[in-house]
Amino acid sequence: MSERRWSLEERIVVDAAPEDVHRVVSDPRNMGRWSPECRRVWVPRPPARPGSRFVGLNRRGPFVWFTVGRITALRAPAQAPDGTGEFTFDVGVFGLPIARWGYRFEPEGERTRVTETWQDLRTGRGSRLTTLLGAVFAGTGPDRRVAVNRAGMRTTLDRLAAGFGSVTQHRP
């Protein structure tokens, strides 16, 4: 059995300016357009800002589950001296942490390098319960979660790039 991975990162270059990509991705209500698991997001009090909470409806095959998210970082590229934007949120269930998802938006010429990140937060108190809930509701235990997330991240980034009229190869 291999050692459990606690984080992942995938990148793609999108044929659009960082401000444009950031504006679309940082609205959680758009996530259902790209993610193979997230079907819909409800933001009770839009627009999204740091501290905003939202509810995600997720589905993979016959498995359906809800998560509660909270935006932890939101910075438009125009707000940073280097033109790099950020959008990060934590998701959990029943008040227990599951994962931290993030997106970085970096200028690459006239285009944008988008990096999607995932960090497993199922550690400490409650981790056994959230691991069990993941297996029951999402059909994925920790041994498969990394492979499922990597495939999902690649699909998400490909769909995002296609939405801007481009598909550029992933970068390690």
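The values are calculated or read from the model by the stated rules, or taken from the named source; none is laboratory data. Fair warning: this is a prediction, and the values are worked out from it, not measured in the lab. Please note: Cβ atoms are built from the backbone with ideal geometry, for glycine as well, and neighbour counts cover all protein chains shown. Heavy atoms of the whole protein, side chains included, go into the accessibility calculation; ligands, DNA and RNA do not. Shrake-Rupley method; radii C 1.70, N 1.55, O 1.52, S 1.80 Å.
Couple of notes before you dig in:
- The Rg/Rh ratio for segment 1-67 is 1.04, where Rg is the radius of gyration of the alpha carbons and Rh is the Kirkwood radius.
- For segment 52-103, the gyration tensor built on C-alpha atoms gives a prolate shape. Its axis ratio a/c (a ≥ b ≥ c) is at least 1.5, and a/b is the larger of a/b and b/c.
- The label point for F63 and the one for W6, both projected 7 Å from the Cα toward the Cβ, are 2.2 nm apart.
- With each label modelled as a point 7 angstrom along the Cα→C-beta vector, the A78-T117 pair spans 2.5 nm.
- Highest-first arrangement of 17-30, 64-77, where packing means the average Cβ count within 10 Å: 17-30, 64-77
- Whole-percent carbon and sulfur share, accessible surface of segment 26-96, 1.4 Å: 55 percent
- Cα→Cβ-extended label distance, 7 Å offset, between R125 and R154, nm: 4.0 nm
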